[in-house]
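**Q** Provided herewith is a single structure, encoded as structure tokens, for subsequent inquiry.
The values are calculated or read from the model by the stated rules, or taken from the named source; none is laboratory data. As the structure is a prediction and not an experimental result, all values here were calculated from the model. Note that we place each Cβ from the backbone using ideal geometry, even for glycine, and neighbour counts take in every protein chain shown. For accessibility, only protein heavy atoms count, side chains too; no ligands or nucleic acids. Shrake-Rupley method; radii C 1.70, N 1.55, O 1.52, S 1.80 Å.
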Amino acid sequence: MREVLLTVHGCHKEKEGEWEGIEVTTTGSLYDKNNSLFLLYDEVMGEDEADISHNRVKIEQNPLQISITRTGAIANCMTFSEGYVEQSTYGTPFGNMVMEIRTKEVCFGQNEEGFHIYIVYDLVMDYDYASSSKIQIDGKFI
């Protein structure tokens, strides 16, 4: 298991809107199990430090597929593979919604200093287009 310093950058754009983003810097752990990489990290989801999301990112490389599972303040699982469409349930404190993810691009690279994840997708919520989104996770081994 290797400790990592993470920069997680997410941005989205609604149908008629501008790109809006958020960036989080935190620490996490990266480990290899059964030919997959796993990244674990926590993220504060608002102003209250008690609203924590526990994130597990699974990276499978042949073919490339990245799954992000969140528990805690927000609960969901999103799977990204280029050209793949996934439908799941998005749990919020206000109730569940049907979520469809249409993956456009997935990239992963790793070297001796760290790794890089980049995902581009469209999001459909309750059968209506919600946004275009990008996730970038940069990890530096510490």
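One line per residue, one yes/no per condition, for (1) farther than 24 Å from residue 26 by Cα; (2) open to solvent by 60 Å² or more (accessible area, probe 1.4 Å):
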position	(1), (2)
75	no, no
102	yes, yes
111	no, yes
122	yes, no
139	no, no
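Listed here are the residues, each with its yes/no results for (1) modelled with pLDDT of 95 or more; (2) more than 12 Å from the chain's Cα centre (by Cα).
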residue: 36; (1), (2): yes, yes
residue: 50; (1), (2): no, yes
residue: 53; (1), (2): no, no
residue: 56; (1), (2): yes, no
residue: 60; (1), (2): yes, yes
residue: 64; (1), (2): yes, yes
residue: 77; (1), (2): no, no
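**Q** Can you spot a residue in segment 81-91 that is open to solvent by less than 50 Å² (accessible area, probe 1.4 Å), within 13 Å of the chain's Cα centre (by Cα) and not β-branched (Val, Ile, Thr)? Even if it seems obvious, please write down each step before you answer.
**A** Step one: list which residues in segment 81-91 are open to solvent by less than 50 Å² (accessible area, probe 1.4 Å), which gives 81, 86, 88, 90-91.
Next cut, within 13 Å of the chain's Cα centre (by Cα) only: 81.
Then drop every residue that is not not β-branched (Val, Ile, Thr), which leaves 81.
Yes - at least one qualifying residue is present in segment 81-91.
**Q** Does residue 86 qualify as being of a type in the set (Asp, Glu), in a strand (DSSP E or B) and in contact with a Ser or Thr (Cβ under 8 Å, 6 or more places away or on another chain)? Break it down into steps so the answer makes sense when it comes.
**A** Details: of a type in the set (Asp, Glu): yes; in a strand (DSSP E or B): yes; in contact with a Ser or Thr (Cβ under 8 Å, 6 or more places away or on another chain): yes.
It is true that residue 86 is of a type in the set (Asp, Glu), in a strand (DSSP E or B) and in contact with a Ser or Thr (Cβ under 8 Å, 6 or more places away or on another chain).
**Q** Of the residues in segment 7-53, how many are part of a strand (DSSP E or B), under 24 Å from residue 92 (Cβ atoms) and either touching a Phe, Trp or Tyr at 6+ places or on another chain (Cβ under 8 Å) or open to solvent by less than 70 Å² (accessible area, probe 1.4 Å) (or both)?
**A** Our first condition is that a residue be part of a strand (DSSP E or B); within segment 7-53, this holds for 7-13, 20-33, 36-44, 52-53.
After this cut, where a residue has to be under 24 Å from residue 92 (Cβ atoms) as well, the list is 8-13, 20-24, 26, 28, 39-44, 52-53.
With either touching a Phe, Trp or Tyr at 6+ places or on another chain (Cβ under 8 Å) or open to solvent by less than 70 Å² (accessible area, probe 1.4 Å) (or both) added as a condition, the list becomes 8-13, 21, 24, 26, 28, 39-41, 43-44, 52-53.
Residues flagged as part of a strand (DSSP E or B), under 24 Å from residue 92 (Cβ atoms) and either touching a Phe, Trp or Tyr at 6+ places or on another chain (Cβ under 8 Å) or open to solvent by less than 70 Å² (accessible area, probe 1.4 Å) (or both) within segment 7-53 amount to 17.
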